[in-house]
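Everything below concerns the one structure shown next.
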Amino acid sequence: MITFDQVTVQYEDAAEPALRDVDLTVEEGELCLVVGHTGVGKSTLLGAVNGLVPHFTGGTLYGRVTVDGRDTAENPPRELADVVGVVGQDPADGFVTDTVEEELAYTMEQLAVPAATMRKRVEETLDLLGLADLRHRALHELSGGQQQRVAIGSVLTAHPRVLVLDEPTSALDPTAAEEVLAAVTRLVHDLGVTVLMAEHRLERVVQYADRVIHLPGDGHAHIGTPAEILRTSTIAPPIVELGRTAKWSPLPLSVRDARRAAAPLRATLADVAPVPVRSPLTDGERTRLLSARGVTVSYRGVAAVREVDLDLHAGEVTALMGRNGSGKSSLLWALQGSGPRRAGSVRVTGDTGGTDPHSVPPAQARRLVGLVPQTPADLLYLESVKQELDQADAESGTESKARALLDRLAPGIDDASHPRDLSEGQKLALVLAIQLSAAPRVVLLDEPTRGLDYQAKTALIGIVDALAAEGRTVVVSTHDVEFVARAADRVVVMAEGDVVADGPTTDVIVSSPTFAPQTAKILSPLPFLTVHQVAHELAADCDEGARP
């Protein structure tokens with residue numbers, strides 16, 4: 001169905017090709033997962049399938065890409081629209097109408113699908129992706145996760161033979177991600193649709209993949225079964241890391257298979273208390289930096305946040321979780337001061353004596369509370385990465401601090417690159433570096449791991465830990481349960497604008513089938529959250545066994 005024949009893609013200003021001598025075939029009815037670190041060329045590979053590369057992106061394509069027998073060099077994207085459906089990293093970039101129902105119908109209108117068929121497909125897609133209650137909603141009013149589902153649905157209504165998905169679950173909560181992946185898998189198994197998917201959250205998707213395409217970063221691509229590729233690759237989900245640590249063979253790719261292999265490991269760890277992911281704060285260390293009381297946010301009479309009380313403490317990393325549309329982003333913007341607040345109060349305490357960020361000039365507010373939004377590109381407005389970093393340092397009164405932060409998150413980004421030309425993960429890393437350069441007392445991150453690979457997430461955890469160690473407080477709104485397990489010492493769960501759970505990470509997520517990380521599911525009922533905790537205990541056993 002998809003064939004790459006000695007394909008090389010060279011962009012004009014790049015020193016090395018984005019893809020080099022790629023030779024592979026994806027069969028009809030196959031779900032193929034594309035993996036690799038941020039910026040290694042995954043989006044270029046996907047874009048070549050429907051002709052966006054090079055017809056839209058520019059650059060030079062050598063070799064031949066064919067889809068269902070059509071050469072993409074001779075057929076621009078509009079002539080492949082009936083066979084290839086594409087969902088990009090940022091769903092809002094692809095919207096062309098105003099409401100959910102109109103967006104689902106738009107592609108079919110362009111393909112001249114009969115009206116009766118259009119109506120039937122719209123209804124099926126609304127039910128398939130859980131969008132029925134949103135059918136008349138304006139697209140700009142939806143949460144990021146809801147927009148993601150609409151973008152996927154707008155492609156599915158055309159019934160393409162090839163579906164190209166770039167980070168399809170990045171903005172979805174765990175339950176919504178499972179629903180979308182179940183729908184995609186059903187298309188593969190029941191209708192023979194060929195799916196090419198790039199995804200950093202491998203723990204969500206690897207069990208569904210027939211084959212994996214690994215881009216190691218040198219422009220080449222290696223294709224094989226998930227077990228073959230992930231056994232030695234530098235990028236792997238927690239379930240594979242746990243299998244490597246426990247020396248399981250074959251490597252399990254699903255929680256069910258891992259639990260079957262984990263019985264001896266559970267017996268070994270049965271009487272062991274895992275080392276804490278983060279050292280808990282003592283009562284004497286719990287200095288309150290932000291106090292929110294009765295915070296209420298509403299849009300056109302609809303409550304998004306309902307009388308929320310929240311205290312944030314120095315040295316604490318708090319994860320804010322909940323399904324899409326539960327009010328997480330609205331709460332963050334209200335705490336930051338820029339968002340609408342119908343009622344309630346917010347005070348940043350400490351040296352300032354208790355200041356509402358909404359009542360001070362932006363430069364001062366930025367030093368009190370810094371927020372990285374869900375769509376980080378909204379904060380990028382200059383012509384190069386260097387200009388953005390220099391401006392951040394100038395506003396913060398620092399020197400080269402933003403550049404150092406960026407290199408920790410996403411190394412190798414050229415100073416001369418235009419911010420809009422970066423991948424979504426690189427854009428997020430750039431904005432995160434810009435915001436953190438001001439060293440605010442309260443740091444709010446809205447879906448910061450979206451578009452980041454495991455290596456970048458580890459670097460982000462290091463930065464979050466460093467901020468907490470400096471006495472700041474960090475709130476991370478996220479659907480990434482694996483990141484929460486490794487980074488947070490407190491979890492706040494929201495539902496329909498209310499806080500429904502607030503407690504230590506282990507207490508909140510281990511007891512939840514939705515928010516539990518893979519390690520916790522595999523080793524349940526043991527209180528282990530991360531592979532690192534397991535590896536620490538196994539290493540301790542080895543050391544003890546080696547003593548004379």
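The values are calculated or read from the model by the stated rules, or taken from the named source; none is laboratory data. As the structure is a prediction and not an experimental result, all values here were calculated from the model. Every residue, glycine among them, receives a Cβ derived from its backbone with ideal geometry; neighbour counts consider all protein chains shown. Side chains are part of the model used for accessible areas, which takes the heavy atoms of the whole protein and leaves out ligands, DNA and RNA. Shrake-Rupley method; radii C 1.70, N 1.55, O 1.52, S 1.80 Å.
Dipole size of the chain about its Cα centre, with +1 on Lys/Arg Cβ and -1 on Asp/Glu Cβ: approximately 1220 debye, rounded to the nearest 20.
If R0 is 30 Å, the Cβ-Cβ spacing of Y381 and S291 corresponds to a FRET efficiency of close to 0.35.
Please say if the range 177-306 is rounded, prolate or oblate, where rounded means a/c under 1.5 for a ≥ b ≥ c the square roots of the C-alpha gyration tensor eigenvalues, and otherwise the choice is prolate for a/b larger than b/c and oblate otherwise? Oblate is the answer for the range 177-306, as a/c is 1.5 or above yet b/c matches or exceeds a/b. Among the helices of the chain, those built from whole DSSP H runs whose Cα atoms reach 15 Å or more along their own axis and whose mean Kyte-Doolittle hydropathy is at least 1.0 are 454-469. Here the simple spin-label model places points 7 Å from the Cα toward Cβ, and for S249 and L191 these points are separated by 4.2 nm. Measuring between their Cα centroids, the range 216-247 and the range 72-131 lie 34 Å from each other.
With 26 Å as the limit, the listed pairs K42/K427; K401/K457; K42/K457; K328/K457; K427/K521; K247/K427 have K427/K521; K247/K427 beyond it between alpha carbons. The Cβ shell under 10 Å around E496 holds other residues with a net charge of +1, Lys and Arg each +1, Asp and Glu each -1. Per-residue Karplus couplings for the range 310-326, computed as 6.51 cos²θ - 1.76 cosθ + 1.60 with θ equal to phi - 60°, are listed in order as 8, 10, 10, 10, 4, x, 10, 10, 10, 9, 9, 10, x, 5, 4, x, 7 Hz, Gly and Pro entered as x. With each label modelled as a point 7 angstrom along the Cα→C-beta vector, the A535-D13 pair spans 3.8 nm. Using the Cβ-Cβ distance between E395 and Y62 with R0 set to 30 Å, the FRET efficiency works out to roughly 0.10.
Accessible surface area normalised per residue over the range 220-364 is 49 Å², counting heavy atoms of protein chains with a 1.4 Å rolling probe. On full extension, the segment bounded by E27 and D133 gains 34.5 nm, given 0.36 nm per residue less the C-alpha separation. Could you compute the FRET efficiency for A112 and T234, with r as their C-beta to C-beta distance and R0 at 41 Å, rounded to 0.05? With R0 = 41 Å, the Cβ-Cβ based efficiency is 0.30. The residue among T287, T232, A303 whose Cα reaches farthest toward the positive pole of the charge dipole of the range 220-324, with charges on the beta-carbon of Lys, Arg, Asp and Glu, is T232.
Can you tell me how the range 16-76 classifies by the Cα gyration tensor, rounded, prolate or oblate, using a/c under 1.5 as the rounded cut?
Taking the square roots of the gyration eigenvalues as a ≥ b ≥ c, the range 16-76 is oblate.
Near K120: Cβ cut-off under 15 Å, other residues only, Lys/Arg at +1 and Asp/Glu at -1. The net charge is -2. Here the simple spin-label model places points 7 Å from the Cα toward Cβ, and for A92 and R420 these points are separated by 1.5 nm.
For F4, neighbours were defined as the other residues whose beta-carbon sits under 9 Å from its Cβ, and their charges (Lys and Arg +1, Asp and Glu -1) total -1.
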